[in-house]
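Here is the structure we will look at, set down as structure tokens.
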Amino acid sequence: MTLFEKIAARKIPAEIIAEGTEWIAFRDIAPQAPVHFLVVPKHCIPRINEATASDAELLGTLLAAAASTARQEGLGDSGYRIVINNGTDGGETVPHLHIHVLGGRPMKWPPG
Ligand code: AMP
């Protein structure tokens, strides 16, 4: 089981803030913004680079879940950033696809 599968199965504690049939959203343990949560599929795709056309519906569901959870967190009007880190140069550290949602402060661009 991956770390995030263990969180989804409640084998590791996390602050879960929203959940659907196929996904879970929980607060990042090392937040990089006043609001920072992850949206994770319960079924493990290691990273976006390994997603296929058969994952298209799930990927859409994850993006919609990120937006609905951002609204739930009060970010709908002020805005937020969605990030997916992929592979070594992308900064990925947990090999289970996850969408970062960050908000509550202005974001800089480029991210560096
Ligand atoms: P990434 O670097 O894109 O792979 O993101 C992995 C994220 O998972 C990081 O922002 C970590 O802080 C976060 N993380 C790692 N372990 C946990 C955990 N047990 N609960 C919540 N977030 C975690």
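The values are calculated or read from the model by the stated rules, or taken from the named source; none is laboratory data. Please read these numbers as outputs of a predicted model, since none were measured by experiment. Neighbour counts are summed over all protein chains in view; Cβ atoms, including those assigned to glycine, are modelled from backbone coordinates with ideal geometry. These accessible areas exclude ligands, DNA and RNA; they are computed on the full protein's heavy atoms, side chains included. Shrake-Rupley method; radii C 1.70, N 1.55, O 1.52, S 1.80 Å.
Below, the figures for the structure above:
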read-out: Unmet criterion (only one of (1) within 26 Å of M107 (Cβ to Cβ); (2) more than 10 Å from the ligand (Cβ to nearest atom)) for T52; value: (1)
read-out: Test result for Q72, near the ligand (Cβ under 9 Å from one of its atoms) and either more than 16 Å from I7 (Cβ to Cβ) or free of Cβ contacts under 8 Å to residues at least 60 places away in the same chain (or both); value: no
read-out: Any hit, the stretch 76-85, residues being among the aliphatic types (A, V, I, L, M), modelled with pLDDT of 95 or more and open to solvent by 60 Å² or more (accessible area, probe 1.4 Å); value: yes
read-out: Residue list for the stretch 88-112, restricted to those being in contact (Cβ under 8 Å) with a residue 24 or more places away in the chain, part of a loop (DSSP other than H, G, I, E, B) and among the hydrophobic types (A, V, I, L, M, F, W, C); value: V94, L97, M107
read-out: Every residue from the stretch 60-75 that is surrounded by 15 or more Cβ atoms within 10 Å (Cβ to Cβ) and under 22 Å from P106 (Cβ atoms); value: A66, A67, T69, A70, E73, L75
read-out: Residues of the stretch 75-96 that turn out to be more than 9 Å from the ligand (Cβ to nearest atom), under 20 Å from G20 (Cβ atoms) and touching a strand residue (DSSP E or B) at 6+ places or on another chain (Cβ under 8 Å), as a count; value: 3
read-out: Failed condition for H100, given (1) more than 15 Å from the ligand (Cβ to nearest atom); (2) open to solvent by less than 80 Å² (accessible area, probe 1.4 Å); value: (1)
read-out: The stretch 18-53 - residue that is open to solvent by 80 Å² or more (accessible area, probe 1.4 Å) and more than 20 Å from G74 (Cβ to Cβ) and, of those, modelled with the lowest pLDDT; value: H43
